[in-house]
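Written below as structure tokens is the structure these notes are about.
The values are calculated or read from the model by the stated rules, or taken from the named source; none is laboratory data. Just so we're clear, the structure is a prediction, and the values are computed from it rather than from any experiment. Positions of Cβ are generated from backbone atoms using ideal geometry, with glycine treated the same way; all protein chains shown enter the neighbour counts. These accessible areas exclude ligands, DNA and RNA; they are computed on the full protein's heavy atoms, side chains included. Shrake-Rupley method; radii C 1.70, N 1.55, O 1.52, S 1.80 Å.
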Amino acid sequence: MDAITVNNIGYRTAGKTLLDNVSFSLPKHKMLAVIGANGAGKSTLLKILCKEFEPTYGSILLQHKPLDAYTIAELARFRSVLSQHNTLSISFRVDELVMMGRYPHFSQQPTAADYAIVQKVLKETGMESYRGRDYNTLSGGEQQRVQLARVIAQIDGQENALLFLDEPTNGLDLLYQQHILQLAQELTKKSCTVVAILHDINFACQYADYILLLKQGRSIAFGTPDQVITETHIETAFQVKVRKINDPDCRYPLIFPIRTQMPQK
């Protein structure tokens, strides 16, 4: 059964086409990585899936129900979104910010269960010792991990939850890039479906069940990492020659760029 079904969606604004006839179906409890060069339409697609943008044409189903049939309040109870940029003009403690993820689930005061969830996700994201810190005093990478804790808290315990991540590894060192993607992968084993925009092709191959490759708003390929990540597809999408290596110790393909001569001015 599919968690997300996208049927021929397109998006035009100011006379420019940002997405054109994109279609795919993502099964429940799987992770999809959306990859492509800058300007490929990745963030536009995510904003449409999150109901931030209205598609110019086409349709989207979440859990077999039209996306436009959901209210924002309904979506907030089972779908959470980690955006690229999360700035705060007001100071909050880390645990207060993470508790904001629980707002859709209580009316006035958080319950003991809500506090337990906040404690759990802070531990999972490695931010438990920061719970009393002022969010604005944290580094960019630490803030990203707090924001991730918030969106995980929002959908904790929800059946068939959806998690959308817009470049979740930005600003993180290699250890926490892997840690965040491992967390996302683990969530799929707890009845969650994940859609993540990623720039690192090898991370997409390592952690995602499916990959959607975009170029200039159109779908180049959709499928498993082995199906999508080919030398031809990557060169078409990124204008870079690569070599695909199938390491017997890895269950996923690896991509290495082939050094080329820079064009002469």
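Scanning the range 175-187 for residues being in contact (Cβ under 8 Å) with a residue 60 or more places away in the chain and more than 17 Å from Val81 (Cβ to Cβ) gives a total of 1.
Taking first residues from the range 146-159 that are touching a residue at least 60 places away in the same chain (Cβ under 8 Å) and partners that are assigned to a loop (DSSP other than H, G, I, E, B), the Cβ contacts under 6 Å between residues at least 6 apart in sequence or on separate chains come to Gln147/Asn86; Leu148/Thr125; Gln158/Phe78; Glu159/Ser191.
Exactly one residue out of Leu82, Leu45 is more than 30 Å from Tyr130 (Cα to Cα), in contact (Cβ under 8 Å) with a residue 40 or more places away in the chain and open to solvent by less than 30 Å² (accessible area, probe 1.4 Å): that is Leu45. Would you say Glu142 is under 19 Å from Asn160 (Cα atoms), among the acidic types (Asp, Glu) and open to solvent by less than 70 Å² (accessible area, probe 1.4 Å)? No, not satisfied.
Does the range 2-16 hold any residues that are on the phi < 0 side of the Ramachandran plot and open to solvent by 80 Å² or more (accessible area, probe 1.4 Å), and which are they? Correct list: Arg12, Lys16. Taken as a whole, the range 108-127 holds no residue that is under 23 Å from Ile48 (Cβ atoms), buried (at least 17 other Cβ atoms within 10 Å of the Cβ) and free of Cβ contacts under 8 Å to residues at least 40 places away in the same chain. All of Asp247, Asp226, Asp209, Asp200 fail the test of being open to solvent by 80 Å² or more (accessible area, probe 1.4 Å) and either acidic (Asp, Glu) or closer than 24 Å to Leu18 by Cβ (or both), apart from Asp226. All of Leu148, Leu165 fail the test of being surrounded by 23 or more Cβ atoms within 10 Å (Cβ to Cβ) and in contact with a Pro (Cβ under 7 Å, 6 or more places away or on another chain), apart from Leu148. Is it true that Gln178 is within 14 Å of Ala208 (Cβ to Cβ), polar (S, T, N, Q) and modelled with pLDDT under 95? Yes.
Selection of the range 48-57 for residues being surrounded by fewer than 17 Cβ atoms within 10 Å (Cβ to Cβ) and not β-branched (Val, Ile, Thr) yields Glu52, Glu54, Tyr57.
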